[in-house]
There are 2 protein chains.
Amino acid sequence: MKLSRRDFFGAAGVGAAGAAALGAGSWAAGRDAEPATVTAAAGQDAVEFHGDRQAGIVTPAQDRLHFVSFDVITDDRDALVRLLQDWTTAARRMTRGQDAGPVGAVQGNEYAPPDDTGEALGLPPAGLTLTIGFGPTLFRTADGTDRFGIADRQPAALVELPGFAGDLIDPTISGGDLCIQACADDPQVAVHAVRNLARIGVGLVSVRWSQLGFGRTSSTSSDQVTPRNLFGFKDGTDNLKAEQPATLDRFVWVSGTDSWMDGGSYLVSRKIRMLVEVWDRQNLRDQQQTIGRTKGSGAPLGQRGEFDPVDFTTQVEGDVAVPPTSHVFLAHPTNSGTAILRRGYSFVDGSDGLGRLDAGLFFLCYQSDPETGFVQVQRNLRTDKLNEYVQHTSSAVFACPPGVTGDDDWWGSGLFG
Amino acid sequence: MKLSRRDFFGAAGVGAAGAAALGAGSWAAGRDAEPATVTAAAGQDAVEFHGDRQAGIVTPAQDRLHFVSFDVITDDRDALVRLLQDWTTAARRMTRGQDAGPVGAVQGNEYAPPDDTGEALGLPPAGLTLTIGFGPTLFRTADGTDRFGIADRQPAALVELPGFAGDLIDPTISGGDLCIQACADDPQVAVHAVRNLARIGVGLVSVRWSQLGFGRTSSTSSDQVTPRNLFGFKDGTDNLKAEQPATLDRFVWVSGTDSWMDGGSYLVSRKIRMLVEVWDRQNLRDQQQTIGRTKGSGAPLGQRGEFDPVDFTTQVEGDVAVPPTSHVFLAHPTNSGTAILRRGYSFVDGSDGLGRLDAGLFFLCYQSDPETGFVQVQRNLRTDKLNEYVQHTSSAVFACPPGVTGDDDWWGSGLFG
C-alpha cells in the first residue's frame, strides 16, 4: 500500500508510538510499508498529474499560489536532465497528496535528513497542480552561451518580452531559466511543494524569485464564481474558460509547430503593484468608468447582468456606455483582436515604507504565442485609464511543454529526450 | 434590514440591473435599504465582536492572518479618539460580514468614493476577528513627548522589549503606536479589513509595517488539530487553550491592576526568519533532538503520543530523552517557569536574493505581563539548539485593552474616556 500524506499521518499516530518508545524516533512506522497503487480515497481532491496537457493551465483556478523562478547553476546537461526527472517523480507524488520522497526510502534511518520537509503531513492533496516552464535563458544565456546544447530547439515564440510604456521592471524579480507554478486550495500545500522541489534541486538550481498569491482573481471554468481583485471589482468574467475547447485550441495551446512545444502553452508573468490607496480615493463613477463595469454586479456599463455581453455601441446620455479608455474596452477581444487565458492571484507583501500596503496582482496568463497574446493585449492598453493606478514591477516569459503522459515520461522529455 | 456582505451581494445582482440600465451605476440598490438588525444567517461563521475580552486572543486560531502596525501621524487627541470610534464601528460591521461603511450612506451618489473598497463583497464573515493594541510610543514618543496626554496612563508592563542574544531586529518593521491583528479563515477577508481600517485612518495614521500569514502554527483550542510549522514539526501541542480559564486568568489576562488594562492582555510580535534550507539538510535525529519531539507523531521524545506529558526524567540508552538544549525542554513551563498563549502564523515573503526562500514564523503571543511572559521564555531559550536555524528580524509589544462591551463602547474607551 502506497500511503498518501493523510494515510501516512494516520499510520504515524499508531506506528510512531513503538518507534518513539524505543527512542529511535523513526518518524513513522508507515514509511516501511511497500509501495503500491494510490487509493482513490487518498486522492479525493487530487488533480491528475498525467495527461496530454499540463495541469494548472485550464484546471479550475485553485485559491492559492506559490510561484517560483529558478536560475540553473550547473552547466551539466545530464545533471539538469536528472533533476527534471527527479522533479517529475516528486511532482507526481505530491499532487497525489504523498510526501516528496518515496515512503520507505530512508528505512527509519534517523541519521539521514528526512526525504520530505514534513509541513504538509496530514494535509490532503488540496487540488495541487505543478506546472513547469522553460525561460529563454535556459536555451541561451544573456551572453549567448548554449550551456545545454538546446539553443537550436528554442522556439521562435520564446523571446524576452519587449518593454511597455510605464514599466518599472525590477530585474532581480524577473526572468529565470525555469519556473514552477504551484496552485492549491491550501497555501501550506503549495509552499510545501515549491520548497521540496527547491530542496531536490540544491546545487543545480537556485531560487531566483518567488511569489505567494493569496486570492485568485480569475475564473478558468464556467462553474466558478468570478472573484474580486484588490480594486474591488469582479475580474475575469469574460476570461477564456476550460469549457471552450475550440477557443483554447486557437488562443492557448500550441499546435502545428511540429516541435516539442505542440500541446504546450506560453506563460507570461507580470507582478503588478496596485496603488490601492490612490484608487480608494476615486469616486465610484471614476472607478467604474476606468474599469468599464459596474462595481456591485460586475455588469458591463450599460448592461444589466455580469455575464451580459460587452456592447460597445450602447449609449447612455449621449456617451458610449463603455468608455474607449476603459480597461474592459481596450482589453476586450473585440478591440485587442486576440484573447489570453488569465490565471492571476492577489498579493500583499507587507508595506512599502511610505505608509502604503505593498499589494497588487500577480498576473499570469497562458497563450499559444506571447506576441499575439499578452504583448498584443498590453500594447493595446497604452491608453488604459487603469494605468494611473498600476505599476508593472516584474516580468517573465516561459515555454510550458505539453503534459507528462505516464510514469515513464518526465518534464522536458520532448526538449531533452 | 441591515445587509451582510452576502445578503448585499445577493441584492446587488437584482438591484444593480435597474441602476446600470440607467447608466448611473450606483453599485447596488441594496445600499438604500434601511439599517436594522443583522440576521443570524448572515453571521453563521461570524465571531462575536462584543464582549468583556477582545476576540482574537483565545478565539480558536483562524487559518489566515493580516497584521498591521500603524504610526499615528496626528498630535490631535480628539482626532485620534474619533478615529478609534470610527474604527470600532467599522470593525463591528466587518466582523459581522458587512462592508466597512454603513449601507446607504452614500445613497447611490456615484460622485463619492465608495464606503467600502469592495473586494470582500460576496464573502462570508469567515470568522474574522479584529484585535487592537497600543504600543509604548503611543504614550510617550522616543523623545519623551506626551502627544495625547496619556503618559501617566502608560502601564508599567508596557515597555520596549530588551534585546536578546542573536537578535537581528530591523527597526523599520518593528514597533508601532497601534496594531491591529486581523485573523480570518479567508485571507481576502483579513486583507480587506486591514485595508479598510487603514483607509478610514488616512491622514491620521500611516501603515508602519504589515505582515501576511498564510498558515496558523498554533492551536488555541482543544478542538483544533495541531498544525505544523515550516520545520515540519507539530507546533503548539502544549499551548495554552481556551478551555483552561484558570490558567488563562493566571498567565494571559491582566487583572488586579485597577487600571484600564484589567481584562486585557499584552501582545508580543516577533518575525522569525527560519533558515529552512539549512534545517532541511539536518538529519532526522538532529532535527528531533533540536525540537525535543518526534517529527511524525509529535510525541515528546521518550513518549508515545502527541499529547503525552513531556517527562524530563525519562532516559533512553543512558541519556535523557528530551535534551536540555532542545526547544521543548527550554520553553516548557517546567523549565521556563511561566506560560504564554502562542498564536503564530507561517509566512513566505518571496526569496532573499541569495537563492533561499524568505520564510518563517510570524510569532504572536499573549500574556498578562511581557516581562514574566515572552521575555522570561526567550531569555531561557539562550542555549536553545533551535537558535542555529532562526533569526528574529522584527519585534513589537502592544497593550491590548479589554473588549468592546456594546454598541456605545469603543476601542480605547478605558484609556481615553
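The values are calculated or read from the model by the stated rules, or taken from the named source; none is laboratory data. Please read all numbers here as calculations on a predicted model, not as lab measurements. Ideal geometry is used to build each Cβ from the backbone, glycine not excepted, and the neighbour counts take in all protein chains shown. Remember, those area values only see protein heavy atoms, side chains included, never the ligands or the DNA or RNA. Shrake-Rupley method; radii C 1.70, N 1.55, O 1.52, S 1.80 Å.
Things worth noting here:
- Of the accessible area of chain B, computed with a 1.4 Å probe over protein heavy atoms only, carbon and sulfur atoms account for 50 percent.
- Here the relative contact order of the range A:300-417, from alpha carbon pairs under 8 Å that lie six or more residues apart, stands at 18 percent.
- Copy-to-copy label separations for A:ASP45, where each label sits 7 Å from Cα toward Cβ, in nm and ascending: 1.1
- Members of the range B:258-289 that become less accessible by 50 Å² or more once partner protein chains are added (1.4 angstrom probe, chain alone as reference): B:ASP280, B:ASN283, B:LEU284, B:ARG285
- Per the Debye formula on identical point scatterers at the alpha carbon atoms of the range A:223-404, with no solvent, log10 I(q)/I(0) at q = 0.08, 0.16, 0.19 Å⁻¹ is -0.27, -1.05, -1.38.
- Charged side chains reduced to their Cβ positions (Lys and Arg at +1, Asp and Glu at -1) give chain A a dipole of some 660 debye around its Cα centre.
- 1.4 Å probe accessible area per residue over the protein assembly as shown, in Å²: 35
- Look at the Cα gyration tensor of the range A:112-178: its axes a ≥ b ≥ c give a/c of at least 1.5 with a/b over b/c, and that counts as prolate.
- Separation of alpha-carbon centers, the range A:254-271 and the range B:125-151, rounded to whole Å: 53
- Electrostatic dipole magnitude of the protein assembly as shown [Cβ: Lys, Arg +1; Asp, Glu -1; Cα centre; debye, to 20]: 140
- Stokes-Einstein D in µm²/s, Kirkwood radius over Cα pairs - the protein assembly as shown at 25 °C with 0.890 mPa s viscosity: 88
- Remark: the Cα gyration tensor places the range B:330-395 in the prolate category, a/c being 1.5 or greater and a/b exceeding b/c.
- Between this copy and the others, label points of B:PRO60 are 2.6 nm apart in ascending order, each placed 7 angstrom from Cα in the Cβ direction.
- At 7 Å out from Cα toward Cβ: B:PRO324 inter-copy label distances (nm, ascending): 8.2
- Helix axis angle, A:77-95 relative to chain A longest principal axis, alpha carbon, degrees: 90
- Which of A:GLY175, A:GLN44, A:LEU275, positive extreme of dipole for chain A (C-beta unit charges): A:LEU275
- Cα gyration tensor shape of the range B:232-277, rounded if a/c is under 1.5, else prolate or oblate by comparing a/b with b/c: oblate
- Among the listed pairs B:LYS234/B:LYS385; B:LYS241/B:LYS271; A:LYS241/A:LYS385, those with a Cα-Cα distance over 21 Å are B:LYS241/B:LYS271; A:LYS241/A:LYS385.
- Expected 222 nm ellipticity per residue - DSSP helices of 4 or more, -39500 (n - 2.57), all of the protein assembly as shown, to 500: -6000 deg cm²/dmol
- Surface burial for B against A, with a 1.4 Å probe and both sides summed, reaches about 5700 Å² of accessible area.
- More than 42 Å apart - percent of Cα-Cα pairs taken over chain A: 18
- Phi-based couplings in Hz for the range A:185-201 (Karplus 6.51, -1.76, 1.60; Gly and Pro marked x): 8, 10, x, 5, 5, 5, 5, 4, 5, 4, 4, 6, 5, 4, 5, 4, x
- Simple Cβ-charge dipole of the range B:243-376, Lys/Arg +1 and Asp/Glu -1, about Cα centre, in debye nearest 20: 320
- In this structure A:ASP86 has an accessible area near 80 Å², from a 1.4 Å probe over the protein heavy atoms.
- Among A:PHE374, A:PHE214, A:PHE164: highest mean-square fluctuation, GNM of chain A, C-alpha pairs under 10 Å: A:PHE164
- A simple count of charges around A:LEU364, restricted to other residues whose Cβ falls under 15 Å of its Cβ and scoring Lys, Arg +1 and Asp, Glu -1, yields +4.
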